[in-house]
1. In the chain, what percentage of the DSSP-assigned beta bridges are antiparallel, given to the nearest 5?
2. Taking a spot 7 Å from the Cα of residue 406 along the direction of its beta carbon, which residues of the stretch 151-175 have an amide N less than 14 Å from it?
3. Order of 271-280, 425-434 by packing, highest average Cβ count within 10 Å first?
4. Report, in debye and to the nearest 20, how large the dipole of the stretch 39-122 comes out about its Cα centre when Lys and Arg carry +1 and Asp and Glu carry -1 on their Cβ.
5. Over all alpha-carbon pairs of the stretch 141-256, lay out the pair-distance distribution in 10 Å bins, whole %, shortest bin first.
6. May I ask which of 220/266; 369/440; 19/282 have a Cα-Cα span longer than 20 Å here?
7. Using a Cα-Cα cut-off of under 15 Å, which aspartates and glutamates could be cross-linked to residue 143, ignoring same-chain neighbours fewer than 8 residues away?
8. From the phi angles alone, apply the Karplus equation (6.51, -1.76, 1.60; θ = phi - 60°) to the stretch 79-87 and give each ³J(HN,Hα) in whole Hz, x where the residue is Gly or Pro.
Amino acid sequence: MYYKKALEKNPAYNRANEKCMEELVTIPSFANYNGDPASVRKVGSIIHYLHTWAPVLTEFAAWVLNDAREKGIRKLYFLSRDAWPVYRAAMEIVKSSDDIKTYPELRYLRVSRYALRIPEMALDDSHFLDMMFLSGIDVTMRKILRRGALDKNEIQEFTGILGYNDSLDRILSRPEILQWKEKASASKESLWPIIQKHAKKRLPKALGYLKQEGMLSDEKIAIVDSGWVGTTQRSLTRLLCYEKPGTRLYGYYFGLYEVPTDMNPKDYYAFYFSPKNRIRRKVYFSNCLFEAVSSEAAGITLGYKKDSSDSGRFHAEIVEYGSLNREYLETMQPYLEMYANAYSSYSALDNGAAISESILSKLMAKPDKWEANIYGNLFFCDDVLEEDAQTIAAKLTYEDICNLRLLRKTLIWFLSKFNVRTADIHESGWIYGSIVRCGKHVHWSLMQARLYNYLMYIRKKYN
C-alpha cells in the first residue's frame, strides 16, 4: 500500500500506525464487522484515515509543539474550528510526555473570520472593503454584503450608494468583484457608517472574550490555525492592539500562500509551505479538502455574548446546526487521538524524515476513484457564513472542467471585464477530485490543472 510505504520512512509514524491497527481489532465495530456496504465504507474510511490524515495532523502538531518550546512561547491558542484536530493531537502528545512543564499551555479559542472581522470593522475604515469584496466559489453580491452583517434594508441602502442594480444572487466573476470593490472604494465614506452600526456593538464583546481568555497578558503567545492568507492573525492583532497597544502575536500555520502586507512576516511560521517557497507542495495541495477534514464537529462562531449571571463571563455564540461534516468528524476524532497517543510512545524513534508531502501529494492531486468519492462528498463552503455549501469535489461536466483551464478561463475573465456575458465558471473546492469523479480524459485534465496551478504560483512568487 502506497501510504504504508510513505510512513515507513519514519519509524515513529510507522510504529504508531502498526500499533493503531493492532488496537482496531479490539474495538467492537471492527470485531463484529459484517461486511455490509455501510460497514465497509466506515471501516475503509477509518483505516485510510489512520494511514493518511492522522499521521499528517500529528506531524503538524509535533512540529508546532517543538518549535513553540524552542521559541519560548508560553501559550498556544488553537483556533476553532480548523485547529481542533491539531489541538487534540497536541494534547495527547503533551500528556504522554515526561517533560510536560516544558511545553506551552494549550488553549482552545472560539473564533471565526466573521466573529472577528465585524468588530474589527469598527476600528477604522481601512480594511472593511477588503474583508467584504473577496473572491471565492460562486460569490454573489448578497454574499459580499452578508459579510458585513447587513440586514435587508441596509443591503438596499448599500447597493443604492454603490449603484448595483443587478440580481443580488447572480454569480460574480473575480474581475467583476474587483470592479465593484473599486466602485465601493470611491464611496467609502458613505458606506462605512452602514457597516459601523453593527461593528461598534460587537467590538466590546469580542474584546471582553479575548481578554477573558488571557490574550492580553504579558506572556509570549501564539495562535495555531490551518492558515492560507494570515488575515485572522491580523484581525486578532488589531483587536488586541486596540485594547493594549504594542501587543505582539505570533502564528503557526499548516501552510501560508501569503501574509498581509501590513503585518510582520517574521511573526508567521509555516509548516508545509510558505508564500515564496514550496511551489510543488502548493500545486499538489487542496486547502478546501484540508479544511473539511481538519475541523471540529461544532458549528461556526457568529459572535460573543456576556453571561447575565454574576459571573459576567463571555461566551461564543455558535450556530446550532453544527459542522457541515459532523458525522465524519465525530467518527474520526477518536482515531486521531489514538494515533497521536501511539506516536508519543514511539517519538524517540522519530528520525526527522517528513511524511506529509508523500501522503498529501498522492491523496490530494492524484486521488483514486474511491478517494475522490469518499472525500469529494464532504461539504465545504469558502464563505465566512457557510451559506450555500457544496460538495468539495463538485460534480462538474467535462465542459465545466475545460472552462477552468488556463486559456479558456483567461478569455472568459477578459470578456467579463467588458460586460460581455459568457459561460459561467463553475469552480470546485477540490478540482483534482472533480476531474476524477467526472471520469473523462482524467490524466490530461489532471495535467492541465497542475499546469494552471504551477503558472499561478510561479507568477505569485515573482510578482
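The numbers here are math on the coordinates, done by the rules we state, and not lab data. No experiment lies behind these values; they were computed from the predicted model shown. A quick note on method: Cβ atoms are made from the backbone with ideal geometry, for glycine too, and the neighbour counts reach across all protein chains shown.
1. Values: 8 of 27 bridges.
Of all bridge pairs located within the chain, approximately 30 percent are antiparallel.
2. none
3. Taking the mean over residues of other Cβ atoms within 10 Å, the ranking is 425-434, 271-280.
4. On the way: 14 positive and 9 negative charges, 81 e Å.
Value, rounded to 20: 380 debye.
5. Pair shares across the bins are 11, 32, 29, 23, 4, 0.
6. Among 220/266; 369/440; 19/282, the Cα-Cα distance tops 20 Å for 19/282.
7. 130, 151, 154, 166, 169, 176, 382, 383, 386, 387, 388
8. 8, 6, 10, 4, 8, 4, x, 5, 4
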